[in-house]
Amino acid sequence: MMPDKYVIGVDYGTDSVRAVLVNAANGEDICSSVFYYPRWKEGLYCNAAGNQFRQHPLDYLEGLEATIKDCITQAGQDIAANIVGISVDTTGSSPVAIDEQGTPLALLPEFADNPNAMFVLWKDHTSTAEAEEINKHAEKYPEGYLKYVGGIYSSEWFWAKLLHILRTDKDVAKKTFSFVEHCDWIPFVLTGGNRAMKIRRGVCSAGHKTLWAAEFGGLPPNNFFATLDPLLDGFTDRLFTETFTSDKAAGTISREWADKLSLPQNVVIGVGAFDCHMGAVGGQIEPYYLSRIVGTSTCDIMVAPTAEMKGKLIKGICGQVDGSVIPGMTGMEAGQSAFGDAYAWFKNLLSWPLNNIKDELLREQISGSILGSLNEAAAALPLNMDDVIAVDWLNGRRTPDASQELKGAFSNLDLGSNAPQLYKALVEATCFGSKAIVERFIKEGIPVKGIIALGGVAKKSAYIMQVMANILEQPIGIHKSEQTCALGAAMFAATAAGIYATVEDAMLAMGQGFEKTVMPDPSTFDFYRQRYLKYQSLGNFIEQTI
């Protein structure tokens, strides 16, 4: 009898990287490992007040090695000898400046501590001005170069970040040969790549963040970028034209990495993609079901048969790209710039006095219980139309209609307002933000037949998910897997390695199913419809006045 085959899915999140080793026959988790980025944990290279969030490539490389080695140690060499594929997902858009060899500039001695030479994390909003320039510039071109990204280019994306780096750091600009997304760079590293022009770019990152489209024959022409800013003149020649879906191989593992990780030298490395896209596959997405990766932010993914999307352009979302999730289907992306991050902000606000407690263990115990206590207290509060109302744009607005310059707000405060009431308002606000996304899809002619929830918040907070179900007026399926993004990456690895003909086959065989369904409470529908109008009114005031 042939031995089982195994694959590894590697999921790069905002705070950590996790790897899962999976039986490719049935999706069984053999083991997993998590590595928290040490430099990020120390807050290095970031300035929250200035919206600067950068990550050092060493955090990524050290995490890649540590997690896979740990999985191999746990599983044993008998299983390791039968690992056939590795695929990677990452946050995005999180690009980095590279030299001609494809090396991130921060790995060169002269740029080792320069934030501009590091990965510009998805939630870095230092390039809002550049994004606005791109949007105004695109209006001059009847070709509609922004039409496949919802008509609005975001400061969270590739070109805005590149232009900001080139403008603000002459030394980095002089050394920069090209720019690459994190999800495209890791497969390049694992396959031993040493030429930037040979990086296999995934259609996921290219279509949703870099303005690549088959209709344009690739990227918009050089003239579009050169007339935006001469710093971009000729840059497209150092990027790419061809893109690849994530069921394809980026190559095989290099001898260096095979030896380093104690893996066979024929392990296939799949083409990378963003976490939410692979997570949607790990969460067993279906056509017209909205798959919500609910974590620090939300990333909402929907797929529809490409033939049914002809002639449809969805305004105000984060792109629609053929094959970005499942080949043969159009992948549509939306999301919220802050979800779990909004709750973390509120927790940190309340925790400020704890910083003066010298007992670190006591401080961590108290801090760790805050959100759980708030969930219980908020759930016990009655529904009152005149309660505090909030808008969730604490990190700007991603969808619908991206604008990272917008700010969050609370209204209707008085001296009787307390922490549970403010937390309840914040939960409602994040869920109202979710409703705005669902409404935009429906308004644009895309039905939302169901909701699938994945990620930390979906698994940990019954209160938040119940409020979301009530506000969306739909059942929410909570996926069973603890690591849906990594599992999705493993499914793509199994497909790239040739175990399955299609990723749909891999989903069917390796999917872990759903642990529960959160049913909405119809008695709350009228109440939340009225509260939603208040949310919209406050949001309109902020957008038009502040």
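The values are calculated or read from the model by the stated rules, or taken from the named source; none is laboratory data. This structure is a prediction, so every number in the text was calculated from the model and none was measured. We place every Cβ from the backbone using ideal geometry, glycine too, and count neighbours over all the protein chains shown.
With respect to Ala486, determine if the residue is assigned to a helix (DSSP H, G or I), surrounded by 19 or more Cβ atoms within 10 Å (Cβ to Cβ), out of contact with any Asp or Glu (no Cβ under 6 Å at 6 or more places or on another chain) and outside the structural domain of Tyr535 (by TED's automatic domain parsing). When the stated conditions are applied, Ala486 does not pass them. As for the stretch 321-343, it holds no residue that is over 22 Å from the mean Cα position of the chain (by Cα) and of a type outside the set (Gly, Ala, Ser).
Return the total of residues in the stretch 406-424 being touching a residue at least 60 places away in the same chain (Cβ under 8 Å) and either surrounded by 15 or more Cβ atoms within 10 Å (Cβ to Cβ) or under 19 Å from the mean Cα position of the chain (by Cα) (or both).
7
If you filter the stretch 56-74 down to residues that are crowded, with 17+ Cβ neighbours inside 10 Å and in contact with a strand residue (DSSP E or B) (Cβ under 7 Å, 6 or more places away or on another chain), you find that the one that is nearest to Val22 (Cα to Cα) is Cys71. In the set Ala280, Ala304, Ala250, only one residue is closer than 30 Å to Asn194 by Cβ and touching a strand residue (DSSP E or B) at 6+ places or on another chain (Cβ under 7 Å); that residue is Ala250.
Consider Met329 against the criteria (1) over 30 Å from Pro305 (Cβ atoms); (2) touching a Ser or Thr at 6+ places or on another chain (Cβ under 9 Å); (3) without any contact (Cβ under 8 Å) to a residue 60 or more places away in the chain: it satisfies all of them except one. Which criterion is unmet? Condition (1) is where Met329 drops out. Counting only residues that are over 23 Å from Met329 (Cβ atoms) and at pLDDT below 95, which one in the stretch 425-457 is surrounded by the most Cβ atoms within 10 Å (Cβ to Cβ)? In this case the residue turns out to be Val457. Filtering the stretch 114-136 down to residues that are free of Cβ contacts under 8 Å to residues at least 60 places away in the same chain and in a loop (DSSP other than H, G, I, E, B), which residue is surrounded by the fewest Cβ atoms within 10 Å (Cβ to Cβ)? The selected residue is Asn114.
Flag: Gly151 matches the condition of being surrounded by fewer than 20 Cβ atoms within 10 Å (Cβ to Cβ), under 21 Å from the mean Cα position of the chain (by Cα) and in a loop (DSSP other than H, G, I, E, B). When Arg292 is tested against (1) under 19 Å from Arg398 (Cβ atoms); (2) outside any strand (DSSP E or B), just one condition goes unmet, and that condition is (2).
State yes or no: is Gly311 on the phi > 0 side of the Ramachandran plot and surrounded by fewer than 18 Cβ atoms within 10 Å (Cβ to Cβ)? Yes: the conditions hold for Gly311.
Rundown of residues vs (1) in a loop (DSSP other than H, G, I, E, B); (2) in contact (Cβ under 8 Å) with a residue 40 or more places away in the chain; (3) touching a Leu at 6+ places or on another chain (Cβ under 9 Å), yes/no style:
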| site | (1), (2), (3) |
| --- | --- |
| Ala49 | no, no, no |
| Glu62 | no, no, no |
| Glu65 | no, yes, yes |
| Asp70 | no, yes, no |
| Thr73 | no, no, no |
| Ile86 | no, yes, yes |
| Ala106 | no, yes, yes |
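In the stretch 170-185, the residues that are surrounded by fewer than 24 Cβ atoms within 10 Å (Cβ to Cβ) form Cβ pairs under 6 Å with partners that are polar (S, T, N, Q), at six or more places apart or across chains, as follows: Val172/Asn116. For the stretch 515-546, a residue qualifies if it is surrounded by fewer than 12 Cβ atoms within 10 Å (Cβ to Cβ) and of a type in the set (Val, Ile, Thr), and the qualifying residues are Thr545, Ile546. Of everything in the stretch 3-30 that is outside any strand (DSSP E or B) and over 14 Å from the mean Cα position of the chain (by Cα), the residue that is farthest from Val88 (Cα to Cα) is Pro3. Comparison of Ala342, Ala377 shows that the only residue that is out of contact with any Gly (no Cβ under 7 Å at 6 or more places or on another chain) and surrounded by fewer than 24 Cβ atoms within 10 Å (Cβ to Cβ) is Ala377. With respect to Gly316, determine if the residue is part of a strand (DSSP E or B), outside the structural domain of Gly217 (by TED's automatic domain parsing), crowded, with 17+ Cβ neighbours inside 10 Å and in contact (Cβ under 8 Å) with a residue 60 or more places away in the chain. Judged against the criteria, Gly316 is not a match. Evaluated against (1) among the hydroxyl-bearing types (Ser, Thr, Tyr); (2) surrounded by fewer than 22 Cβ atoms within 10 Å (Cβ to Cβ); (3) not in a helix (DSSP H, G or I), Ser481 falls short on exactly one condition, (2).
Pairing each residue of the stretch 343-362 that is within 20 Å of Gly456 (Cβ to Cβ) and among the aromatic types (Phe, Trp, Tyr) with any residue that is surrounded by 10 or more Cβ atoms within 10 Å (Cβ to Cβ) and modelled with pLDDT under 90, provided the two are 6+ apart or on different chains, yields C-beta distances under 9 Å for Tyr343/Leu371; Phe346/Ile370; Phe346/Leu371.
Would you say Ile370 is surrounded by fewer than 16 Cβ atoms within 10 Å (Cβ to Cβ), modelled with pLDDT under 95 and part of a helix (DSSP H, G or I)? Against the criterion (surrounded by fewer than 16 Cβ atoms within 10 Å (Cβ to Cβ), modelled with pLDDT under 95 and part of a helix (DSSP H, G or I)), Ile370 does not qualify.
Only one entry of Tyr535, Tyr500 meets the criterion of being under 25 Å from Ile437 (Cα atoms), modelled with pLDDT of 95 or more and more than 25 Å from the chain's Cα centre (by Cα), and that entry is Tyr535.
The single condition among (1) in the same structural domain as Gly488 (by TED's automatic domain parsing); (2) touching an Asp or Glu at 6+ places or on another chain (Cβ under 9 Å); (3) over 23 Å from Ile152 (Cα atoms) that Ala273 does not meet is (3). Give the residue that is surrounded by the most Cβ atoms within 10 Å (Cβ to Cβ), with candidates limited to residues of the stretch 252-302 that are in contact (Cβ under 8 Å) with a residue 24 or more places away in the chain and acidic (Asp, Glu). Out of the qualifying residues, it is Asp275.
Just so you know, in the stretch 172-227 the residues that are out of contact with any Pro (no Cβ under 7 Å at 6 or more places or on another chain) and in a strand (DSSP E or B) include one that is nearest to Phe492 (Cα to Cα), and it is Gly202.
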